[in-house]
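Asker: The structure that follows is given in the form of structure tokens.
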Amino acid sequence: MIEVSGLRFTYPGQKTPVLKGIDFSIQKGEIFGFLGPSGAGKSTIQKILIGILKQYEGRVSVMGKELSQADSSFYEKIGVAFEFPNFYQRLTALENLNLFRSLYASETEEPETLLALTGLEEYGRTKVSAYSKGMKMRLNFLRALINQPDLLFLDEPTSGLDPVHAKKLKQLILNKKAEGKTILITTHHMQTAEEICDRVAFIVDGRVALIDSPSALKVQKGKRHVKVEYRSRRQLETAQFDLDQIGSSPEFLNLIKDHPVETIHSQEASLEDIFIDVTGRRLS
């Protein structure tokens, strides 16, 4: 669905490139996540992929076509939800969706049907100026779906959402994947990336530092140990064992036989651990 090779970009008036030779590919029906610190180049990549920034170097093919040669029909096939929603505040949610719907020549979704997906059906005739940030974020996601796109670009899709609505939105994203849609997510939210992304790429200083599935990265960067919490004389104790030798470890076998076990955890790294290790920075 997306093929990028040797992508470089320098903003006008600057000498140092923001992107310094990016290579990656995204398959049809994949949820792909861009992770990285602020200023690493994630937003620049996204702006190039949706056609906002055009003076790039390298090869960028989207849906089988070099992006520099794409025409207006390209925008009929993509949906974009920016991190900061931008609506006509004096219009209602339905009026906003109908307005954006009118911009497309292809078949579109019914706004009322979309609003019901995120629990906004009761607020369709409410002016957007009265919406909370979370409601605007849900509406922002729905606007990206209005033209039934094959390719979705989502920037911090769960920002400002409470846990219940964040979970519902993540499920909607997974539903779109099940329909065969391709989804590119830019996020700082590691839990979101772990839960829904098939693969993630860490962007650091304009380059791809790591790219793989969250599960593979967590195992690759983790420790081959198992941590056991157990009760001994009513006290909570902790022991650690080598994962590769655990099946033949008398200490481990005797512990789980002789003591009540509270928890057993393998020591794979979290995506946050990997983020800090790769970038040298904590999440902002």
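Asker: Could you list, in sequence order, the residues of the range 206-259 that are under 33 Å from the mean Cα position of the chain (by Cα), among the hydroxyl-bearing types (Ser, Thr, Tyr) and either open to solvent by 40 Å² or more (accessible area, probe 1.4 Å) or more than 30 Å from Pro17 (Cα to Cα) (or both)?
Answerer: Residue satisfying the conditions is Ser215 alone.
Asker: Being among the hydrophobic types (A, V, I, L, M, F, W, C), at pLDDT 95 or above and surrounded by fewer than 18 Cβ atoms within 10 Å (Cβ to Cβ) is the filter here; which residues of the range 83-99 pass it?
Answerer: Within the range 83-99, Leu91, Leu99 meet the criteria.
Asker: Taking interchain pairs and intrachain pairs at least six residues apart, which have beta carbon atoms under 9 angstrom, with the first residue in the range 118-147 and closer than 19 Å to Val80 by Cβ and outside any helix (DSSP H, G or I) and the second open to solvent by 30 Å² or more (accessible area, probe 1.4 Å) and of a type in the set (Gly, Ala, Ser)?
Answerer: Between residues of the range 118-147 that are closer than 19 Å to Val80 by Cβ and outside any helix (DSSP H, G or I) and residues that are open to solvent by 30 Å² or more (accessible area, probe 1.4 Å) and of a type in the set (Gly, Ala, Ser), the close pairs are Asn147/Ser106.
Asker: I've got another one for you. Here is a list: Gly58, Gly134. Which entry is closer than 30 Å to Ser25 by Cα and in contact with a Leu (Cβ under 7 Å, 6 or more places away or on another chain)? Talk me through it step by step, then tell me what you get.
Answerer: Numbers: Gly134 fails: closer than 30 Å to Ser25 by Cα.
Within the list Gly58, Gly134, the selection yields Gly58.
Asker: Now a separate question. Within the range 149-171, track down each residue that is buried (at least 20 other Cβ atoms within 10 Å of the Cβ), farther than 12 Å from Ala81 by Cβ and in contact (Cβ under 8 Å) with a residue 40 or more places away in the chain.
Answerer: Across the range 149-171, the qualifying residue is only Leu151.
Asker: Here are Leu210, Leu236, Leu172: which of them is within 22 Å of Ile45 (Cβ to Cβ) and either at pLDDT 90 or above or out of contact with any Leu (no Cβ under 8 Å at 6 or more places or on another chain) (or both)?
Answerer: Result of the check over Leu210, Leu236, Leu172: Leu210.
Asker: Give me a count of the residues in the range 5-28 that are farther than 20 Å from Glu66 by Cα, of a type outside the set (Val, Ile, Thr) and touching a strand residue (DSSP E or B) at 6+ places or on another chain (Cβ under 6 Å). I'd like the intermediate steps shown before the answer.
Answerer: Residues of the range 5-28 that are farther than 20 Å from Glu66 by Cα, as a first pass: 11-18.
Now narrow it down to the ones that are of a type outside the set (Val, Ile, Thr): 11-15, 17.
The next check asks that each one be touching a strand residue (DSSP E or B) at 6+ places or on another chain (Cβ under 6 Å); those that pass are 17.
Here the count works out to 1.
This table checks each residue for (1) in a helix (DSSP H, G or I); (2) touching a Gly at 6+ places or on another chain (Cβ under 6 Å); (3) touching a residue at least 12 places away in the same chain (Cβ under 8 Å); (4) not acidic (Asp, Glu).
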| residue | (1), (2), (3), (4) |
| --- | --- |
| Glu195 | yes, no, yes, no |
| Phe202 | no, yes, yes, yes |
| Ala216 | yes, no, no, yes |
| Gln240 | no, no, yes, yes |
| Ala269 | no, yes, yes, yes |
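Asker: If you don't mind, another one. Report whether or not Glu262 is open to solvent by 60 Å² or more (accessible area, probe 1.4 Å), outside any strand (DSSP E or B) and at pLDDT 90 or above. Don't jump to the end; show me each part of the working.
Answerer: Numbers: open to solvent by 60 Å² or more (accessible area, probe 1.4 Å): yes; outside any strand (DSSP E or B): no; at pLDDT 90 or above: yes.
Spelling it out, it is not the case that Glu262 is open to solvent by 60 Å² or more (accessible area, probe 1.4 Å), outside any strand (DSSP E or B) and at pLDDT 90 or above.
Asker: Count, please, the residues in the range 56-82 that happen to be assigned to a loop (DSSP other than H, G, I, E, B) and either under 19 Å from Lys176 (Cβ atoms) or open to solvent by 90 Å² or more (accessible area, probe 1.4 Å) (or both).
Answerer: Just the residues of the range 56-82 that are assigned to a loop (DSSP other than H, G, I, E, B), to begin with: 56, 63-64, 70-71, 77, 82.
Okay, now just the ones that are also either under 19 Å from Lys176 (Cβ atoms) or open to solvent by 90 Å² or more (accessible area, probe 1.4 Å) (or both), so 63, 77, 82.
The total comes to 3.
Asker: Mind listing just one residue for me: the one in the range 15-35 that is of a type in the set (S, T, N, Q) and open to solvent by 60 Å² or more (accessible area, probe 1.4 Å) and, of those, farthest from the chain's Cα centre (by Cα)?
Answerer: Narrowing the range 15-35 to residues of a type in the set (S, T, N, Q): 16, 25, 27.
Then drop every residue that is not open to solvent by 60 Å² or more (accessible area, probe 1.4 Å), which leaves 16, 27.
Numbers: Thr16: 27, Gln27: 15 Å.
Once the filter is applied, the top-ranked residue is Thr16.
Asker: Hey, could you check the range 129-148 for residues that are among the hydroxyl-bearing types (Ser, Thr, Tyr) and open to solvent by less than 60 Å² (accessible area, probe 1.4 Å) and say which is farthest from Leu35 (Cα to Cα)? First the steps, then the outcome.
Answerer: At the first step, the residues of the range 129-148 found to be among the hydroxyl-bearing types (Ser, Thr, Tyr) are 129, 131-132.
Cutting the leftovers down to open to solvent by less than 60 Å² (accessible area, probe 1.4 Å) gives us 131-132.
Working: Tyr131: 29, Ser132: 27 Å.
Out of the qualifying residues, it is Tyr131.
The values are calculated or read from the model by the stated rules, or taken from the named source; none is laboratory data. Here the structure is a predicted model, which means the values were calculated and not measured. In this analysis, Cβ positions are derived from the backbone assuming ideal geometry, glycine residues included, and neighbour counts consider all displayed protein chains. Only protein heavy atoms, including side chains, enter the accessible area calculation; ligands, DNA and RNA are left aside. Shrake-Rupley method; radii C 1.70, N 1.55, O 1.52, S 1.80 Å.
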